[in-house]
Amino acid sequence: MDPQQFIARIAPMAVRSMHQTGIPASLIIAQAALESSWGSSSLTVKQNNLFGIKGGNSSWTTTEYGDDGKPYTIKASFRAYPNWQNSIDDHANLLLNGTKDNPMRYRKVIGADYKAAAQAVYQGGYATDPNYPKLLMQLIEQYHLYVYDATLTEEENLLNLTANQQSMLVTAINDLMKKGYITDPSWLEKTKKGELTVSELTWLNTIILAR
């Protein structure tokens, strides 16, 4: 599965989860992409485990990082799910409720922007790779995942972008127009006026990824 296909499949579920939990959709998508190798890892293909959440009955080899930052491999058990939605729901439950020893472990992720959320999920102990926050932010910025963090109006399902999100999206569309990938100027006008819907954003992101 390539990034374009992966994002198109997971984005609607990530946005729904964000509105239910306050976890940024960009973080959900980026963590799933990183942990599952864009949905192609054996753990994801065989067990629908998008986020590398441990605690199941199956044993897999995984890479961890020591205090010195050096990687090593161990055997660990991982959970299995009937589908991607269940995996996303379990990930949300983990970030919302933490672990038995520390229920507040990931609470700083809730309602945060993507940069703060990427740092908070690492500081909470989700991963041992010291580059984990950087890798998440790189994915979010490279694939414009931050636009999925916009809120929606109830009546028209319109995106309510922050000034920064809108500026970044306008820049991306301008670039696509200069390269000839988008020829209809109404896309730029709709973005400037804040009139994009979720479905239109998904289509635009597909164009961006394809180029």
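Name, by its number, the condition in (1) on the phi > 0 side of the Ramachandran plot; (2) free of Cβ contacts under 8 Å to residues at least 12 places away in the same chain that does not hold for Val45.
Of the numbered conditions (1) on the phi > 0 side of the Ramachandran plot; (2) free of Cβ contacts under 8 Å to residues at least 12 places away in the same chain, the odd one out for Val45 is (1).
Do we have any residue at all in the range 67-86 that's among the acidic types (Asp, Glu), closer than 20 Å to Tyr132 by Cα and touching a residue at least 12 places away in the same chain (Cβ under 8 Å)? I'd like the intermediate steps shown before the answer.
Filtering the range 67-86 down to residues among the acidic types (Asp, Glu) leaves 67-68.
Imposing the further condition that a residue be closer than 20 Å to Tyr132 by Cα reduces the set to 67-68.
Next, only the ones that are touching a residue at least 12 places away in the same chain (Cβ under 8 Å) stay: none.
No, because not a single residue in the range 67-86 is among the acidic types (Asp, Glu), closer than 20 Å to Tyr132 by Cα and touching a residue at least 12 places away in the same chain (Cβ under 8 Å).
Hey, does the range 45-53 have a residue that's surrounded by 21 or more Cβ atoms within 10 Å (Cβ to Cβ), among the small types (Gly, Ala, Ser) and assigned to a loop (DSSP other than H, G, I, E, B)?
Within the range 45-53, the first condition is being surrounded by 21 or more Cβ atoms within 10 Å (Cβ to Cβ), and the residues that meet it are 49-52.
Then drop every residue that is not among the small types (Gly, Ala, Ser), which leaves 52.
Now drop any that are not assigned to a loop (DSSP other than H, G, I, E, B), which leaves 52.
Yes, the range 45-53 contains at least one residue that is surrounded by 21 or more Cβ atoms within 10 Å (Cβ to Cβ), among the small types (Gly, Ala, Ser) and assigned to a loop (DSSP other than H, G, I, E, B).
Can you tell me how many residues in the range 116-131 are without any contact (Cβ under 8 Å) to a residue 40 or more places away in the chain, part of a helix (DSSP H, G or I) and either under 12 Å from the mean Cα position of the chain (by Cα) or crowded, with 19+ Cβ neighbours inside 10 Å (or both)?
Of the residues in the range 116-131, 2 are without any contact (Cβ under 8 Å) to a residue 40 or more places away in the chain, part of a helix (DSSP H, G or I) and either under 12 Å from the mean Cα position of the chain (by Cα) or crowded, with 19+ Cβ neighbours inside 10 Å (or both).
When the range 3-17 is examined, which residues are found to be touching a residue at least 40 places away in the same chain (Cβ under 8 Å) and open to solvent by 20 Å² or more (accessible area, probe 1.4 Å)?
We begin by selecting, within the range 3-17, every residue touching a residue at least 40 places away in the same chain (Cβ under 8 Å); these are 3-4, 7-15, 17.
Once the filter is applied, which keeps residues that are touching a residue at least 40 places away in the same chain (Cβ under 8 Å) and open to solvent by 20 Å² or more (accessible area, probe 1.4 Å), the range 3-17 yields Pro3, Gln4, Ala8, Arg9, Pro12, Met13.
Being touching an Asp or Glu at 6+ places or on another chain (Cβ under 8 Å) and aliphatic (A, V, I, L, M), is that true of even one residue in the range 63-77?
yes
Which condition does Pro82 not pass, out of (1) over 29 Å from Lys46 (Cα atoms); (2) part of a loop (DSSP other than H, G, I, E, B), if it passes all the others?
Here Pro82 clears every test but (1).
Residues that are open to solvent by less than 80 Å² (accessible area, probe 1.4 Å) and either closer than 14 Å to Ala11 by Cβ or modelled with pLDDT of 85 or more (or both): does the range 177-184 have at least one? Write out each step before concluding.
Let us first name the residues in the range 177-184 that are open to solvent by less than 80 Å² (accessible area, probe 1.4 Å), namely 177, 180, 182, 184.
Filter once more, so that each one left must be either closer than 14 Å to Ala11 by Cβ or modelled with pLDDT of 85 or more (or both): none.
No, there is no match, as no residue in the range 177-184 is open to solvent by less than 80 Å² (accessible area, probe 1.4 Å) and either closer than 14 Å to Ala11 by Cβ or modelled with pLDDT of 85 or more (or both).
Of the conditions (1) touching a residue at least 24 places away in the same chain (Cβ under 8 Å); (2) open to solvent by less than 30 Å² (accessible area, probe 1.4 Å), Leu94 fails just one. Which one is it?
With (1) touching a residue at least 24 places away in the same chain (Cβ under 8 Å); (2) open to solvent by less than 30 Å² (accessible area, probe 1.4 Å) applied to Leu94, the lone miss is (2).
Which condition does Ile74 not pass, out of (1) part of a helix (DSSP H, G or I); (2) within 23 Å of Gln123 (Cα to Cα); (3) touching a strand residue (DSSP E or B) at 6+ places or on another chain (Cβ under 8 Å), if it passes all the others?
The failed condition is (1).
In the range 57-70, which residue that is modelled with pLDDT of 75 or more and touching a strand residue (DSSP E or B) at 6+ places or on another chain (Cβ under 6 Å) is most open to solvent (accessible area, probe 1.4 Å)?
Thr61
Would you confirm whether any residue within the range 18-33 is of a type in the set (Ser, Thr, Tyr) and more than 27 Å from Ala116 (Cβ to Cβ)? Please lay out each step first, then the result.
Of the residues in the range 18-33, the ones of a type in the set (Ser, Thr, Tyr) are 21, 26.
After this cut, where a residue has to be more than 27 Å from Ala116 (Cβ to Cβ) as well, the list is none.
No, the range 18-33 contains no residue that is of a type in the set (Ser, Thr, Tyr) and more than 27 Å from Ala116 (Cβ to Cβ).
It is to be established whether one or more residues within the range 18-37 are free of Cβ contacts under 8 Å to residues at least 24 places away in the same chain and part of a loop (DSSP other than H, G, I, E, B).
Yes, some residue in the range 18-37 is free of Cβ contacts under 8 Å to residues at least 24 places away in the same chain and part of a loop (DSSP other than H, G, I, E, B).
The values are calculated or read from the model by the stated rules, or taken from the named source; none is laboratory data. Remember, predicted model here, so these are calculated numbers, not experimental data. Glycine gets a Cβ as well: all are built from the backbone with ideal geometry, and neighbour counts include every protein chain shown. With ligands, DNA and RNA removed, areas are computed over all heavy atoms of the protein, side chains included. Shrake-Rupley method; radii C 1.70, N 1.55, O 1.52, S 1.80 Å.
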